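A short write-up of the structure that comes next.
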Amino acid sequence: MTIEVTELDPWQDAAEWDRYVERSDGTNPFFRADAIRLQAQDTGTTPHLLVGYKGQEAVGLFPLFEFTRGPITGMFSPAPQSWSCYLGPALLNVDKLKQRKADRRIKRFLEGCFAWLDAEISPLYTRIVAAEFDDVRPFVWNEFDVEPSYTYVVDLAGGGRSEDDLLDRFSSDARSNIRNADEGENDYVIEEGDTDDVERIVEQVAARYENQGRAFHLSPAFARSLHRVLPDGSIRPYVCRVDGEFVGGILVVESETTRYRWQGGVKPDADVDIAINDLLDWHVMRDGLRAELERYDLVGAGVPSINRYKAKFNPRLVTNYVITSGAFGFDLAVDRYRKYR
């Protein structure tokens, strides 16, 4: 049986789309219709929600964002320069299939999406980050350029692991920073904050990027809106306060199985005698373990200076993929648009 690819409307069909998102193991809160609409609004793009059906059964999801300037159109997942967490294609109901059937289903689903793209949009440029989608062979077979990228993942649950077991896997300096923090003179607290703290974290990251002369496109208003409209617990602002004052934080995205270190954790300006980010990351992992989540994705392992910090938690290296097709340099034009928008 063939797989039919259909586009759902992110407004009228939001409930149906979200049901599929909730049933797929390869999704996260950024796949939800509310988040898709916010990403499109923030980036000046048009969202397209593709669903592959085998008969009446949904077998695949593919959120895409159309960016058009003049006669030139690009398709992106996630949206261009959105700083969103992972998107790309996701599958449903394939885990119990034998390999031959799974291969055939994935190939037919993706080729149905490619045919839809050619017929409906015919983009000059396409860029997809397939961060939680392993089988990228159909992209290769259809002449997309596929390059690896990397992230670090800390395994949380499994094998009856305790908090002490998790902590013992860290580097010696991380263990000392965490265990000795309560012995210092600073009156600090790590807690999950509110919507105002979401904005504080993003503003702190933006200031850090600005000091380094680097572009940062994530707006506090966008992050605040996500926290407000997504289901409770989807966006968790972990903050560190010293003597009641905000000194640092991490924005965590949470799916059914995974916590993602989305934003924050930058070098703080506060002159305090505690390792703020070590403590923040530890509390995120510890609480994830208590909630019986499976993983903590540190979101990125491609910058050597940052890798040194992330590696202290003894993560495993995981491969993601950046998939492109079409005109070289189009993404630079998008970057200029975002800069002056």
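The values are calculated or read from the model by the stated rules, or taken from the named source; none is laboratory data. Everything numeric in this text was worked out from a predicted model, so none of it was measured. All Cβ positions, glycine included, derive from the backbone under ideal geometry; neighbour counts span all protein chains shown. Just so you know, the surface numbers come from the protein's heavy atoms only, side chains and all, with ligands and any DNA or RNA stripped out. Shrake-Rupley method; radii C 1.70, N 1.55, O 1.52, S 1.80 Å.
What number, in percent, do you get for the relative contact order of the chain if the mean sequence gap of Cα pairs under 8 Å and at least 6 apart is divided by its residue count?
Numbers: 635 pairs, mean separation 72.5, N = 341.
It rounds to 21 percent for the chain.
Quick check on the chain: helices-only [θ] at 222 nm, where DSSP H runs of length 4 and up contribute -39,500 (n - 2.57) each and the sum goes over total residues. Nearest 500, please. Can you show the working numbers first?
Numbers: 11 runs with 122 residues, N = 341.
Estimated from H runs of four or more residues: -11000 deg cm²/dmol.
Direction-averaged shadow area of the convex hull around the Cα atoms of region 203-304, nm²?
On the way: hull surface 30.4 nm².
Average projection, Cα convex hull of region 203-304: 7.6 nm².
In what order, largest first, do Val59, Val266 sit by accessible area if the probe radius is 1.4 Å? Walk me through the numbers on the way to the answer.
Working: Val59 0, Val266 25 Å².
Greatest to least solvent exposure: Val266, Val59.
In Å and whole numbers, how far do the C-alpha atoms of region 265-325 stretch along each principal axis, longest first?
So the three principal-axis extents are 48, 31, 19 Å.
What length, rounded to one decimal in nm, is gained on full extension from Arg316 through to Ile72, with 0.36 nm per residue of separation minus their alpha-carbon distance? Mind dumping the intermediate values first?
Values: separation 244, 0.36 × 244 = 87.84 nm, distance 4.01 nm.
Full extension of this stretch gives 83.8 nm more.
Accessible area per residue of the chain at 1.4 Å probe, in Å²?
Values: 16440 Å² over 341 residues.
In whole numbers, the chain has 48 Å² accessible per residue.
Lysine pairs in the chain 8 or more apart or on different chains: how many have alpha carbons under 20 angstrom apart?
Details: Lys54/Lys96; Lys54/Lys98; Lys54/Lys101; Lys54/Lys107; Lys96/Lys107; Lys98/Lys107; Lys267/Lys310; Lys267/Lys312.
Taking the Cα cut-off of 20 Å, the pair count is 8.
If ligands, DNA and RNA are left out, what is the accessible area of Glu245 with a 1.4 Å probe, given in Å² to the nearest 10?
Here the residue's solvent-accessible area equals roughly 120 Å².
Report P(r) for region 115-254: all Cα-Cα distances, bin width 10 Å, range 0 to the bin holding the largest distance, values in whole percent.
9, 22, 30, 26, 9, 4, 0
If every alpha-carbon in region 94-195 counts as one equal scatterer, what log10 I(q)/I(0) does Debye give at q = 0.21, 0.24 1/Å?
-1.21, -1.36
Given a 1.4 Å probe and the protein chains all in place, what does the accessible area of Asp118 round to, in Å² to the nearest 10?
Ignoring ligands and nucleic acids, Asp118 comes out at about 110 Å².
Please report how far the C-alpha centroid of region 60-127 lies from that of region 248-275, rounded to the nearest whole angstrom.
Result: 30 Å between the Cα centres.
How much of the accessible area of region 213-333, in percent, comes from carbon and sulfur atoms when a 1.4 Å probe is used? Don't skip to the end; give the middle numbers.
Values: 2460 of 5350 Å².
That share works out to 46 percent.
Applying 1/(1 + (r/R0)^6) with R0 = 56 Å to the Cβ-Cβ distance of Gln56 and Lys267, what FRET efficiency is obtained, to the nearest 0.05? If you can, show how the numbers build up before the last one.
Numbers: r = 52 Å, r/R0 = 0.93.
With R0 = 56 Å, the Cβ-Cβ based efficiency is 0.60.
Can you give me the three principal axis dimensions of region 13-109 from its C-alpha atoms, in Å, biggest first?
Ordered largest first, region 13-109 gives principal extents of 44, 27, 23 Å.
Hey, what angle do you get for helix 33-43 against the long axis of the chain, alpha-carbon based, 0 to 90 degrees rounded to 10?
Tilt relative to the chain: about 90 degrees.
Enter the accessible area of Arg214 (Å², nearest 10), with the probe set to 1.4 Å and all protein chains included.
The accessible area comes out at roughly 120 Å².
Please give the helix 276-290 orientation as an angle from the longest Cα principal axis of the chain, in degrees from 0 to 90, rounded to the nearest 10.
Approximately 60 degrees, to the nearest 10.
Can you check what the net charge comes to around Arg137, using other residues whose Cβ is under 11 Å from the Cβ of Arg137 (Lys, Arg +1; Asp, Glu -1)? Show your work: numbers first, answer last.
Numbers: positive: Lys107; negative: Asp103, Asp134, Asp135.
Once all neighbours under 11 Å are counted, the net charge is -2.
Can you pull the percent of region 100-199's accessible area that's carbon plus sulfur, 1.4 Å probe, other chains left in place?
Details: 2080 of 5450 Å².
Summing carbon and sulfur atoms, their accessible area is 38 percent of the total for region 100-199.
Would you calculate the convex hull of the Cα atoms in region 243-288 and tell me its volume per residue in Å³?
On the way: hull volume 3.7 nm³, N = 46.
Value for region 243-288: 81 Å³ per residue.
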